[in-house]
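The structure under discussion appears below in the form of structure tokens.
The values are calculated or read from the model by the stated rules, or taken from the named source; none is laboratory data. Everything numeric here is computed off the predicted structure, so don't read it as measured data. Using ideal geometry, Cβ is built from the backbone for each residue, glycine included, and neighbour counts are taken over all protein chains shown. Accessible surface areas use protein heavy atoms only, side chains included; no ligands, DNA or RNA. Shrake-Rupley method; radii C 1.70, N 1.55, O 1.52, S 1.80 Å.
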Amino acid sequence: MRNGRRRTAVGVVGVGQTRYGRRDEVSTPDLVFEAVTAALAHARLDRAEIGAVFFASAPDALIGVNEPDQWCAGAAGAVGKPYLRISTGGSTGSSAAIAAYYAVASGRCEVALAVAVERANESRAVQLLMNTNFDPIYEREFAINAISCYALATADHMVRYGTTEEQLAKISVRNHRNALRNPYAHLKLDITVDDVLRSRMLCWPVKLLDTCPRSDGACAIVIASGARARDLRPKPAWVQGLQSFSDGYFLGDREILSYRDHLALAAQEAYRQADVIDPLKEIDVAELQNPFTISEAMAVEALGFCEVGGAGAFVDAGLPEMAGELPINPSGGVLSSNPVGATSLVRVAEAALQVMGEADARQVRGVRRALAQCSGGAIQFGTVVILGDEPIGG
Amino acid sequence: MADVAIVGIGQTTYETRKETLSLQELIFEAASLALADAGVRRQDLDSVVLAAKDLVDGRGISNMQNAGPAGSYLKDEIRVANDGLYALILAYMQIVSGSSNLALVVSWSKCSETNLDAISVAEFEPFFQRPVGLSEKVALALQAHEVLGRFERARAAASETVCRARAAALHNARAHLRRAVTRAEVEASEPVSWPLRQLDLCPASDGACALVLAARDRAATLCPTPAWILGVGWSSDGYEIGERSLSDSPSARRAADEAYRGASLASARDIDVVELVVRSSFQEMVVLDALGLCAAGEADRVIVEGRGDDGALRLTPSGGALASNPVSAVGLVAAAEVASQVMGRAGGHQVDDVRLGLAHGTSGQCLQSNGVVLIGAER
């Protein structure tokens, strides 16, 4: 519908996930194969029916093989097919889903597959690798990495809006509690606010339980054209809106370290595509990319679930609890499982399962519309995907 | 009927070392040139599609720092981590899907700041392949050996390919290696890994390339001579170089078939100009054969003697990757060159009467994955 053009009906018809965590018993291609096989089985499709494959993984150094898409071509079921790799940092998985959407919506193929993988456990120096994301001359020397970057954002939010460490701790407690019901989750922790507050300080004010683990794992989704989707599944998760935006690079160039610019813009555009006016009321469940507790707080504001600076009160009011007005991360989110390059595809996959009504023990009742939010770079890339139980335009 | 056209082209020159430009400035130069060429402002763009590789750029998530100079601040941006031609294909699908009306595609490499040989070793699987000492050069040599077995005059054809590329580059003001060489020089150049010699391989270049793509209605108003994208195709083969014939490229064949079908092309003989990307001179035979640009098994003869029909096919008039190799971007450069030819704006290396051209790109080792884009003057 962007630029006045109507989007064609496209739906998610299959989801496959591996167990996340330490997976020493399998190789990277094995993980890819596991997720792809599960997604094809879920969609009741044979590999031959896939028209194109989109591969995603985060910085190559995490997997330890340059251009891992080539290595995994066979495992991804991509031999003999159109195949390419998307790489946009933490939002890579969702970007691959968007690329698969383009392939189907453009009529290139009827059915496309997006698969994302990460092997974070084999990297003994993840934050050192993350440091290479930053400018080699001006920024690398300052020990900037994912943790210190989000620590700056946390401190900023606390000073600016009075957000407390307790409020952020509640985000961690809920995500981990939800993960107890997710068979794929990496960390299964039954913890209290005090546990979070007393956990080891990593980079003030970010503590160990404000952060995610590093997980091995893969996720795949199958996307199909309107006619094929209706054929394959009684209740596909229809793509109602999807949009990415990129922000500036230098942290110091941005007035405030937040999702306010790029993610808010992406959300506005996705809401416009999906005809959502009041997101808090019209979205039934959200899967947010929260590698840190502050990321979730920043996301709920940028997505318009509460006003800017209101994330603390939003959490205190219990709105994102499973029984609250807008359950957030029934899966346990990134705080419980973080297969880096696959993490954002997991958000889309979990949102799809919620719309399909197939999220098992983590299912929210009566979901008609689910939102997946993804982020990448150093608070730089934002993606919003809205899935619903009917295609745009009915 | 084409839905998408190239309406703006920006290329930097290609050089051994762009000492006075940072990578970001290099990218900015290509992006700015393309926007100016299309007569649009950055604000007019709906989307930006990038192609770059982290290890070549020497940083993780290379689009963090490089998306900005490529024009994507507060824009819809996505990055492909394959050859630049694949970014063009993704942008094409993005526009056809109705998600964008005006897209900027940018790709780059600053090879002078990296060690391509060392990076290539990391592309090989760590358990069985790395321990035997595989690198891109060794893999290309294995491939060249297979090509020698399939094509009787392979050595002569490979040398001729280098001579032609270098001769063509003399007319291309942006080309990196602008010195003609003789077959004898090629065959006497330093041995790299038998049967490859130094001149059989691509240089490592600094440079960037950008294209502006517009949806049908927009294209006609923006550009008097849009270069229409008439067909695209891309496909992958398996990873293990020991499991496939290296003297053939089924994925290139499939990519071409798909693109020809999309353009309703009866015969590859209707193509006036092609820009091929090869990583070694020996690959030229494999690619020509797989794209159906000569009779099967005749590539060596065609390269040495000419096609023998009307001789109208013009092969890589820019000099291609054997003359200029900004490694991640070479396929996008091929598309930029074909678009320039179709628009009649290729300057010193313009060839006559171009109505239809083919751009080729490749990713992975020994032509594992290939892309083909057909670009024409008429919709």
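Out of A:357, A:309, A:324, A:366, which single residue is farther than 26 Å from residue A:59 by Cα, in contact with a Gly (Cβ under 6 Å, 6 or more places away or on another chain) and either open to solvent by less than 10 Å² (accessible area, probe 1.4 Å) or at pLDDT 95 or above (or both)?
Working: A:357 fails: in contact with a Gly (Cβ under 6 Å, 6 or more places away or on another chain); A:309 fails: in contact with a Gly (Cβ under 6 Å, 6 or more places away or on another chain); A:366 fails: in contact with a Gly (Cβ under 6 Å, 6 or more places away or on another chain).
When all the criteria are applied, what remains is A:324.
Among the listed residues A:366, A:382, A:318, which satisfies the condition of being of a type in the set (Gly, Ala, Ser) and free of Cβ contacts under 8 Å to residues at least 60 places away in the same chain?
On the way: A:366 fails: free of Cβ contacts under 8 Å to residues at least 60 places away in the same chain; A:382 fails: free of Cβ contacts under 8 Å to residues at least 60 places away in the same chain.
When all the criteria are applied, what remains is A:318.
Mind listing whichever residues of the stretch A:378-394 are within 13 Å of another protein chain (Cβ to nearest Cβ), of a type outside the set (A, V, I, L, M, F, W, C) and surrounded by fewer than 24 Cβ atoms within 10 Å (Cβ to Cβ)?
A:393 - this is the single residue of the stretch A:378-394 that is within 13 Å of another protein chain (Cβ to nearest Cβ), of a type outside the set (A, V, I, L, M, F, W, C) and surrounded by fewer than 24 Cβ atoms within 10 Å (Cβ to Cβ).
Regarding residue B:178, is this residue among the charged types (D, E, K, R), modelled with pLDDT of 95 or more, assigned to a helix (DSSP H, G or I) and in contact with a Leu (Cβ under 7 Å, 6 or more places away or on another chain)?
Numbers: among the charged types (D, E, K, R): yes; modelled with pLDDT of 95 or more: yes; assigned to a helix (DSSP H, G or I): no; in contact with a Leu (Cβ under 7 Å, 6 or more places away or on another chain): yes.
When the stated conditions are applied, residue B:178 does not pass them.
Which of the residues belonging to the stretch B:153-175 are outside any helix (DSSP H, G or I) and either at positive phi or surrounded by 22 or more Cβ atoms within 10 Å (Cβ to Cβ) (or both)? Spell out the reasoning first.
Of all residues in the stretch B:153-175, those outside any helix (DSSP H, G or I) come to B:153, B:170-175.
Scanning the stretch B:153-175 gives B:172, B:174, B:175.
Please go through (1) modelled with pLDDT of 95 or more; (2) assigned to a helix (DSSP H, G or I); (3) within 14 Å of chain B (Cβ to nearest Cβ) for residue A:342 and return the number of the only condition it doesn't satisfy.
All conditions are met except number (3).
Working carefully through the options B:318, B:281, B:340, find the one that is away from chain A (no Cβ under 14 Å), in contact (Cβ under 8 Å) with a residue 24 or more places away in the chain and farther than 22 Å from residue B:108 by Cα. Outline the logic, then answer.
Values: B:318 fails: farther than 22 Å from residue B:108 by Cα; B:340 fails: farther than 22 Å from residue B:108 by Cα.
Among B:318, B:281, B:340, only B:281 is away from chain A (no Cβ under 14 Å), in contact (Cβ under 8 Å) with a residue 24 or more places away in the chain and farther than 22 Å from residue B:108 by Cα.
Which residues, taken from the stretch B:87-138, are open to solvent by 20 Å² or more (accessible area, probe 1.4 Å), at the interface with another protein chain (Cβ under 8 Å from one of its Cβ atoms), touching a strand residue (DSSP E or B) at 6+ places or on another chain (Cβ under 9 Å) and of a type in the set (A, V, I, L, M, F, W, C)?
Selection gives B:96 alone.
Inside the stretch A:269-283, can you point out the residues that are of a type outside the set (Val, Ile, Thr) and open to solvent by 10 Å² or more (accessible area, probe 1.4 Å)?
A:269, A:271, A:272, A:275, A:278, A:279, A:280, A:281, A:282
Is it true that residue A:152 is open to solvent by 30 Å² or more (accessible area, probe 1.4 Å), over 17 Å from the mean Cα position of the chain (by Cα) and at pLDDT below 95? Step through it out loud before you land on a result.
Working: open to solvent by 30 Å² or more (accessible area, probe 1.4 Å): yes; over 17 Å from the mean Cα position of the chain (by Cα): yes; at pLDDT below 95: yes.
So residue A:152 fits the description; yes.
Taking the condition of being over 23 Å from residue A:363 (Cβ atoms), of a type outside the set (Asp, Glu) and open to solvent by 50 Å² or more (accessible area, probe 1.4 Å), how many residues in the stretch A:181-195 meet it?
Going through the stretch A:181-195 one residue at a time, the tally reaches 1.
I need the full set of residues from the stretch B:192-218 which are crowded, with 24+ Cβ neighbours inside 10 Å, out of contact with any Phe, Trp or Tyr (no Cβ under 8 Å at 6 or more places or on another chain) and farther than 30 Å from residue B:282 by Cα, in order please.
B:212, B:214
What residue, among those in the stretch A:86-138 that are in contact with a strand residue (DSSP E or B) (Cβ under 7 Å, 6 or more places away or on another chain), at the interface with another protein chain (Cβ under 7 Å from one of its Cβ atoms) and of a type in the set (Gly, Ala, Ser), is farthest from residue A:62 (Cα to Cα)?
A:105
Taking residue B:36 and the conditions (1) closer than 25 Å to residue B:217 by Cβ; (2) open to solvent by 20 Å² or more (accessible area, probe 1.4 Å); (3) facing chain A (nearest Cβ under 7 Å), which numbered condition does it fall short on, given that it satisfies the others?
(3)
Only one of (1) at pLDDT 95 or above; (2) away from chain A (no Cβ under 14 Å); (3) over 19 Å from residue B:137 (Cβ atoms) fails for residue B:220. Which number is that?
(1)
Among the listed residues B:338, B:273, B:342, B:286, which satisfies the condition of being within 12 Å of the chain's Cα centre (by Cα) and buried (at least 24 other Cβ atoms within 10 Å of the Cβ)? Spell out how you get there, then give the answer.
Working: B:273 fails: within 12 Å of the chain's Cα centre (by Cα); B:342 fails: within 12 Å of the chain's Cα centre (by Cα); B:286 fails: within 12 Å of the chain's Cα centre (by Cα).
Unique residue meeting the criteria: B:338.
Out of the stretch A:43-67, which residues are crowded, with 22+ Cβ neighbours inside 10 Å, part of a helix (DSSP H, G or I) and modelled with pLDDT of 95 or more?
Within the stretch A:43-67, A:43 is the sole residue that qualifies.
Per-residue answers, yes or no, for (1) within 14 Å of chain A (Cβ to nearest Cβ); (2) in a loop (DSSP other than H, G, I, E, B); (3) farther than 25 Å from residue B:364 by Cα; (4) not aromatic (Phe, Trp, Tyr):
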residue: B:210; (1), (2), (3), (4): no, no, no, yes
residue: B:230; (1), (2), (3), (4): no, no, yes, yes
residue: B:238; (1), (2), (3), (4): yes, yes, no, yes
residue: B:242; (1), (2), (3), (4): yes, no, no, yes
residue: B:251; (1), (2), (3), (4): yes, no, no, yes
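Give the stretch A:255-268 a look and list any residue that's within 12 Å of another protein chain (Cβ to nearest Cβ) and open to solvent by less than 30 Å² (accessible area, probe 1.4 Å), or say none.
Within the stretch A:255-268, A:262, A:263, A:264, A:266 qualify.
Any residue in the stretch B:147-159 that is within 20 Å of residue B:323 (Cβ to Cβ) sitting within a Cβ distance under 6 Å of a residue that is open to solvent by 60 Å² or more (accessible area, probe 1.4 Å)? List the pairs, counting only those 6 or more apart or interchain.
B:159/B:183; B:159/B:187
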